[in-house]
Amino acid sequence: MQIKYLIILFISFVLLELNAIASSVKDSISFGVDTYADNGNVQVYSPTFSIIKTLTSRWFINAKMRVDGISAASIQALTSASSTSTQSTTNNEDEGGEGNENIFDDIRYAPTLSLGYDDGLNSLSFGAYYSTEADYEGKSLFGSYIRQFNEQNTAFGVSFSQSDDKWKPKIKRTLPKDYRRETKLDVSLNQLISPTVSMQLVYSYMYSTGFLADPYHSVPKITAANLADPKAYELYPQNRSGQALALKGIALLSPKNSLKLSYRYYVDDWKIHSHTVDTEWLHDMSDSLVSGIRLRYYTQTKAYFSKPISSYTLANAGELIAVDYRMTAFDSYTVGIPFIYSAKDGSTLTASIDYYQTSSNENIKYWYNVDSLRAVFTTLTYKFNY
């Protein structure tokens, strides 16, 4: 049954972003598209292609290519208004030419290559990620290891990633540092409580260094009229460390119904504390279709350096400044509907639609000119074996 298969996936993957375990992975191809649109005039379209190839009974390789077409990206806040002030803020030399007819303000290309291994008790995955767009370049190495024991009723997992990114802002400004580096470590313990209940405990550690703000955010807000004036740009501390602890569980309520619950607490040295509660109910609508509903609630406190947005002036240039609403205290809510269709030939079609909304926020009002962000995002993926 699909529900039981989902529970097996939960136990095996330990939520460490493994694609599959070798005992069940097959040569497969998947392609899909994700979309995002909000009332702040941001739209993202992301087609994705992935291929998994088994090398031996224990080894497999996974190659993935993602392309993000972004409209009203952060770069647009400055560059669209600045084409008359400086040629360096746009990729077009002909003002008012073909550049103004582009469908997207920015396009991101993000290939990923990973190698996986599984011998029944040990699962290993490692790989590399690269991302490039007009004003940002990202590189990352990652890996994970899972050990099953206690007759495969218990699993211990650890995952690690290290990124080394570089800023290339399309405006005339010199960043304090032009890089952003991030280290992340996850350690998890998964336990099968009963044939129908599984629990998981996950500890996460994150450390970031470099230029951690948005190079385009500033006060007063950029307009064509004040573009040439000195700016008080957004600026954060150059280092940040955080820790999180999450408790997750999944239960088979009946042969056709399952329930997932999770709670995550996060704290960092910027004095941000957050709580996240997730729940998802899935139901076998038929032998081939699974659907349900999921809910998420998130709340956080503000960073210690965040001040009311109206209190900043040009005199604050060079000081710590928070324009991004994610440095303020806010709440958010998400509700979604997932769909999983499994055909008799082994192919699967997954889809979902989610609605996201934040609480009212002065920083959102300042930058996006709306009281709160409201967004709809969707996913659609088709996977088949070959």
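Structure values in brief
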quantity	calculated
Calculated FRET value between residue 369 and residue 31, using beta carbons and R₀ = 56 Å, to 0.05	0.95
Net length gained if the chain between residue 194 and residue 313 were fully extended (0.36 nm per residue, minus Cα distance)	36.9 nm
Protection proxy ranking of 144-151, 340-347 - average other beta-carbon atoms within 10 Å, highest first	144-151, 340-347
Estimated Rh, segment 152-252: Kirkwood, alpha-carbon pairs, angstrom	17.1 Å
Kirkwood Rh in Å, taken over all unlike Cα pairs in segment 245-354	17.2 Å
Full-stretch length increase - residue 254, residue 149 - with 0.36 nm per residue and alpha-carbon distance subtracted	35.1 nm
Radius 10 Å from Cβ of residue 72, net charge of other residues (Lys, Arg +1; Asp, Glu -1)	-3
Segment 96-167 - Rg over Rh from alpha carbon coordinates, Kirkwood radius	1.27
Using alpha carbons only: equivalent-ellipsoid semi-axes of segment 178-222, gyration tensor based, whole Å	41, 15, 6
Accessible solvent surface per residue of segment 232-313, calculated while the other protein chains remain in place, 1.4 angstrom probe, Å²	50 Å²
Projected area, mean over directions - segment 311-386, Cα convex hull, nm²	8.1 nm²
Cα-based convex hull volume of segment 236-304 per residue, rounded to whole Å³	98 Å³
About the Cα centre, charge dipole magnitude for segment 252-330 (Lys/Arg +1, Asp/Glu -1 at Cβ), debye	180 debye
Rounded percent of accessible protein surface that carbon and sulfur make up, segment 115-248, 1.4 Å probe	59 percent
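The values are calculated or read from the model by the stated rules, or taken from the named source; none is laboratory data. Since this is a predicted model, take the numbers as computed values, not measurements. Ideal geometry is used to build each Cβ from the backbone, glycine not excepted, and the neighbour counts take in all protein chains shown. Accessible surface is based on the protein model in full, side chains and every heavy atom, while ligands, DNA and RNA are left aside. Shrake-Rupley method; radii C 1.70, N 1.55, O 1.52, S 1.80 Å.
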